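S.K.: Please find one structure pasted underneath; my questions will follow.
Nothing in this text is a laboratory measurement; each read-out follows from the coordinates by a stated rule. In this text, all values refer to a predicted model and were calculated from it rather than measured experimentally.
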Amino acid sequence: MRFFKDFINIFYPNLCVNCQKHLYQSEKVLCSNCVNEVPITDLKDIENNFITNIFYGKSTIEKGFCFLFYQKNNITQKLIHNLKYKNREDIGVFLANWMWFYLKKHQNFSGFDLVIPVPLHKSKFKLRGYNQLTSFGETLSKKLNVAFLKNSLVRVSKSETQTFKSRFDRFHNSDTKFKVKDVSALEGKHVLLIDDVVTTGATLQVCCNELQKVKNIKISILTMAYTKKT
Ligand SMILES: [Zn+2]
């Protein structure tokens, strides 16, 4: 048992991701002091807010939700950095469970048939061995009692030519293309598309454009965080 616990600690050390303090057994990822410092959006309106506004006039989005505010060097940035680059997939589970506490208050945050993640570049997947949205998406879809389809939307090109593109092209993500792999599985469905941090919303926009080619599809968006302008 001792060996098992030590073994686990190698992967998930019991230190607060933000202040590095040792965690009590009841604490996960963050110590209780740092939990209180996390900038939670606590969105009241899920049909008309800063997330849905990003897509206004571009895509028809049913509902939008975002859990945290993201800024350089804030706690959110540390959480997402550890989730993405430090093999801390447990942070995805932690964020989904915590977010659910706020989300379940919204009675109209329902009606979804599927949860779909924004797909990762194949090269990034190879490098990291995981998509940072998987543990988050799986936990969330269990709470919503719907399926998590991690491969129904795929990337079809790599941005290796990015350095040769103009700034304008890069902003518009013109080299990033997505493709719906299993169209029939999405027809007539209300899809909840998830991502980690939304800034300009360009990537999500490209995903939405592709998804909207599917017959009678409805799209809602949920992100872990939103980049707050300073
Ligand atoms: Zn702490």
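S.K.: Excluding same-chain residues fewer than 8 positions from K105, which lysines have a Cα within less than 16 Å of its Cα?
M.R.: Partners found: K44, K63, K143.
S.K.: Over all pairs of distinct alpha carbons, what does the Kirkwood formula give as the hydrodynamic radius of the chain, in Å? Show your work: numbers first, answer last.
M.R.: Details: mean 1/r = 0.0537 Å⁻¹.
For the chain, inverting the mean 1/r across all distinct Cα pairs yields 18.6 Å.
S.K.: Tell me the relative contact order for segment 38-227 as a rounded percent, counting alpha carbon contacts under 8 Å between residues six or more apart.
M.R.: 27 percent
S.K.: Shifting gears a bit: Which of the aspartates and glutamates could a cross-linker bridge to K177, judged by Cα under 12 Å and excluding same-chain residues fewer than eight apart?
M.R.: In chain and number order, the partners are E210.
S.K.: Going down the list K28/K229; K122/K229; K78/K215; K28/K124, which pairs span over 32 Å between their C-alpha atoms?
M.R.: Beyond 32 Å between Cα atoms: K78/K215.
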